[in-house]
Structures are given as C-alpha cells and as structure tokens.
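Enquirer: Below you will find the structure I want to go over with you.
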Amino acid sequence: MASQASDGSDLPDGSELPDGSDLPDLPANEAVGELFRSHGDRIYSLGLRLCGSPDGAEELVQETFMRALRAWDSFEGRSKPTTWLYTIASRACGRMRRLRAGQPRTLEPLERLLPSGQEGIIQIPSDDDPEASVERNEAVDAIVSSVTDLPLEFRLPFVLKEIAGLSVVEIAEALGVKPATVKTRLHRARLRVRQAVAEALPAIDAPPVDRRREECLVLLHAKLEAMDRDAPFPLSQGHLCERCRSVFQSLDYMHDTCVLLQSGTMPDSLRTSLAEALEGS
C-alpha cells in the first residue's frame with residue numbers, strides 16, 4: 001500500500017509526509033488546500049480507526065479541513081501546520097464520538113495488560129512463510145478491532161503515534177496534555193493492542209521462567225520507552241529471556257502491522273467536493 005504525496009505520486013508506507021512548514025505565508029484556501037492534498041488520505045485513515053466507520057471518517061475529514069480553513073488566519077506558527085491539523089482532527093473526533101453500547105469507558109487495570117507469566121511464545125510469521133499474508137491479515141483485523149474498542153483517551157494517542165507517526169511531544173500538543181500523560185496512555189494502549197495481536201497468532205508452550213518478574217517489567221518499560229522515541233531497544237536479543245524476546249517481537253510486529261493502516265484512500269466524491277469547497281472559498 002502507499003500514501004499519496006501532494007503531487008499525486010505514491011509514497012511508501014511509513015514515509016514522511018510534508019509537514020507544511022512552507023505554508024504559513026499562503027492564503028487560507030491555498031494553504032489548507034495543500035494540507036488537504038498531502039494529508040487528506042492520512043486524515044481519512046485516522047478517521048477509519050478513530051471513528052470506526054467510513055461514514056465517520058468522511059465526517060471527520062470534512063470537519064477537520066473546513067475548520068482548518070476557517071481558523072487558518074489565527075494560526076500563529078508556534079507549531080508545524082500538520083501538528084495543528086491533527087489537533088483539529090483530534091478535537092473533532094472528540095466532538096463527534098458517541099459511546100457505543102457495550103463499549104468500555106475505561107481500560108483494564110495495568111496488571112491485566114501485562115504479559116502473563118503463563119503466556120506462550122508467539123510465533124511471528126516469516127515473510128517467506130506461505131501463511132504469512134494470512135496471519136498478517138488476521139493481525140490487522142485484531143488491531144482494527146482492538147483499537148476501535150479502546151476508550152477514546154487511549155485510542156487517540158495510539159492512533160496518532162502508531163498510525164499517524166507523530167512524536168510524543170506533538171501528540172501532547174495536539175491533545176493538550178503533558179508528554180508524560182501521553183506516554184502512560186500510549187503504553188497501556190500498546191499493551192492492550194499487543195495482547196489482541198498475540199491472541200491472533202500461533203504460539204508454543206513457554207519455557208520455565210528463568211528471570212525475576214521485576215526484571216522483565218523493567219525491560220518491558222524500557223522497550224516501550226524506546227518505541228516512544230522510535231529508537232531501537234538498547235539491549236541485544238541475547239540479553240533477553242525467551243519470554244521477553246517473544247513479547248518484544250510481538251510489539252514490533254504490532255508496530256509494523258500498523259503501518260498497513262496508514263493507507264486509506266477517501267472516496268472520489270468526497271475528494272472532489274471538498275477540494276472544490278476549499279478552492280472556491
């Protein structure tokens with residue numbers, strides 16, 4: 001899958017989209033029109049994950065860009081235009097959201113999200129495995145379902161980080177909370193989604209525990225912190241017990257699979273009507 005650049009060319013999944021840093025001096029319709037061309041499909045993809053339906057995604061795209069158009073003259077350039085745009089999208093999602101029947105208002109206690117001492121060793125499919133694409137699709141389905149079920153305060157940072165690719169600082173700015181709060185919510189959301197991915201993949205029996213639980217929890221925290229920074233884990237695989245290695249591999253697999261959710265092309269009718277609305281304003 002690929003993302004669309006502003007000139008219509010394809011960008012590989014996970015590629016950096018233009019941050020809009022060259023836009024502040026442009027008139028509102030030109031600046032927001034350029035943001036729409038470069039980030040419209042990504043906002044639509046976020047809408048699918050945040051709102052849980054194509055209709056909700058379309059509504060989010062329309063509200064985000066029309067609000068951006070009306071507010072452009074008040075944009076002071078203290079943040080990147082794209083961060084400002086995702087701030088508008090996050091707030092629009094909060095206004096649009098309706099709690100579905102049966103959807104949890106809170107996430108499970110942290111203790112229930114931590115990998116269990118009895119957890120099996122997850123078998124991450126190899127790209128050479130004929131079944132890899134089937135298992136990847138099952139993992140995508142598990143991620144989509146589990147993200148949709150996350151309470152909004154956890155869903156937003158997860159989607160903004162793992163799918164939109166924003167930094168922790170940018171997410172904090174977009175959501176109006178402290179970076180430490182983003183990390184806490186992001187870590188818990190990752191553990192919940194990882195749990196769903198692990199349940200979708202085959203596993204074998206785990207070996208006997210050969211490390212104190214406290215040590216594994218310290219390593220898990222370090223792994224999550226490294227993911228926050230988009231940095232490699234500082235220890236080699238050889239320093240990890242087999243259980244920790246399996247958990248870390250499932251986190252990496254979850255992260256890599258989320259890249260597949262970045263791509264999403266909005267309906268042509270929406271693209272045309274909104275482009276015309278922005279150009280004619």
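Enquirer: Based on this model, can you work out whether Val169 counts as buried (at least 17 other Cβ atoms within 10 Å of the Cβ), under 24 Å from the mean Cα position of the chain (by Cα) and at negative phi?
Expert: On the way: buried (at least 17 other Cβ atoms within 10 Å of the Cβ): no; under 24 Å from the mean Cα position of the chain (by Cα): yes; at negative phi: yes.
For Val169, the condition - buried (at least 17 other Cβ atoms within 10 Å of the Cβ), under 24 Å from the mean Cα position of the chain (by Cα) and at negative phi - is not met.
Enquirer: Next up: In the stretch 215-229, is there at least one residue being closer than 25 Å to Ser133 by Cα and out of contact with any Ser or Thr (no Cβ under 8 Å at 6 or more places or on another chain)?
Expert: Going residue by residue through the stretch 215-229, those that are closer than 25 Å to Ser133 by Cα are 227.
Applying the additional criterion that residues be out of contact with any Ser or Thr (no Cβ under 8 Å at 6 or more places or on another chain) yields 227.
There is at least one residue in the stretch 215-229 that is closer than 25 Å to Ser133 by Cα and out of contact with any Ser or Thr (no Cβ under 8 Å at 6 or more places or on another chain).
Enquirer: Which residues, counting only those in the stretch 67-86, are hydroxyl-bearing (Ser, Thr, Tyr) and in a helix (DSSP H, G or I)?
Expert: Passing the criteria: Ser74, Thr82, Thr83, Tyr86.
Enquirer: Over 25 Å from Leu107 (Cβ atoms) and at pLDDT 90 or above: which single residue out of Ala196, Ala226, Ala189, Ala231 fits that description?
Expert: Ala231
Enquirer: Let me ask another. Any chance you could count how many residues in the stretch 57-81 are modelled with pLDDT under 90, under 21 Å from Phe158 (Cα atoms) and open to solvent by 10 Å² or more (accessible area, probe 1.4 Å)?
Expert: Residues meeting the conditions: 2.
Enquirer: I would also like to ask the following. Inspect the stretch 138-155 for any residue being in contact with a Phe, Trp or Tyr (Cβ under 8 Å, 6 or more places away or on another chain), at pLDDT 90 or above, over 18 Å from Arg229 (Cβ atoms) and not in a helix (DSSP H, G or I) and give the result as yes or no.
Expert: yes
Enquirer: Does the stretch 194-216 hold any residues that are outside any helix (DSSP H, G or I) and under 17 Å from Gln123 (Cα atoms), and which are they?
Expert: Answer for the stretch 194-216, where residues must be outside any helix (DSSP H, G or I) and under 17 Å from Gln123 (Cα atoms): Leu201, Pro202, Ala203, Ile204, Asp205, Ala206, Pro207.
Enquirer: When the stretch 156-173 is examined, which residues are found to be within 21 Å of Tyr44 (Cβ to Cβ), at pLDDT 90 or above and either hydroxyl-bearing (Ser, Thr, Tyr) or part of a helix (DSSP H, G or I) (or both)?
Expert: Within the stretch 156-173, Leu156, Pro157, Phe158, Val159, Leu160, Lys161, Glu162, Glu170, Ile171 qualify.
Enquirer: Turning to a different aspect of this structure: For the subset of the stretch 10-37 comprising residues that are assigned to a loop (DSSP other than H, G, I, E, B) and aliphatic (A, V, I, L, M), which member is modelled with the lowest pLDDT? Quick ask: steps written out before the conclusion?
Expert: From the stretch 10-37, those assigned to a loop (DSSP other than H, G, I, E, B) are 13-27; that's our starting set.
Narrowing the set further to residues that are aliphatic (A, V, I, L, M) leaves 17, 23, 26.
On the way: Leu17: 61, Leu23: 73, Leu26: 80.
Filtering first and then ranking leaves Leu17.
Enquirer: Sticking with this one: Within the stretch 217-246, which residues are under 23 Å from Ala180 (Cβ atoms) and assigned to a helix (DSSP H, G or I)?
Expert: Those that are under 23 Å from Ala180 (Cβ atoms) and assigned to a helix (DSSP H, G or I): Leu217, Val218, Leu219, Leu220, His221, Ala222, Lys223, Leu224, Glu225, Ala226, Met227, Asp228.
Enquirer: Pick from the stretch 195-224 the residues that are more than 29 Å from Asp141 (Cα to Cα) and free of Cβ contacts under 8 Å to residues at least 40 places away in the same chain: which of them is nearest to the chain's Cα centre (by Cα)?
Expert: Ranking the qualifying residues of the stretch 195-224, first place goes to Val218.
Enquirer: Does any residue of the stretch 249-263 turn out to be open to solvent by 40 Å² or more (accessible area, probe 1.4 Å), in contact (Cβ under 8 Å) with a residue 60 or more places away in the chain and farther than 22 Å from Leu160 by Cβ?
Expert: Checked against the condition, which is being open to solvent by 40 Å² or more (accessible area, probe 1.4 Å), in contact (Cβ under 8 Å) with a residue 60 or more places away in the chain and farther than 22 Å from Leu160 by Cβ, the stretch 249-263 yields at least one hit.
Enquirer: So, in the stretch 123-145, exactly how many residues are under 12 Å from the mean Cα position of the chain (by Cα) and surrounded by fewer than 23 Cβ atoms within 10 Å (Cβ to Cβ)?
Expert: The number of residues fulfilling the criteria is 1.
The values are calculated or read from the model by the stated rules, or taken from the named source; none is laboratory data. All values reported here derive from a predicted model rather than from experimental measurement. Virtual Cβ from ideal backbone geometry, glycine too; neighbours counted across all protein chains shown. Surface accessibility is based on the protein's heavy atoms, side chains included, excluding ligands, DNA and RNA. Shrake-Rupley method; radii C 1.70, N 1.55, O 1.52, S 1.80 Å.
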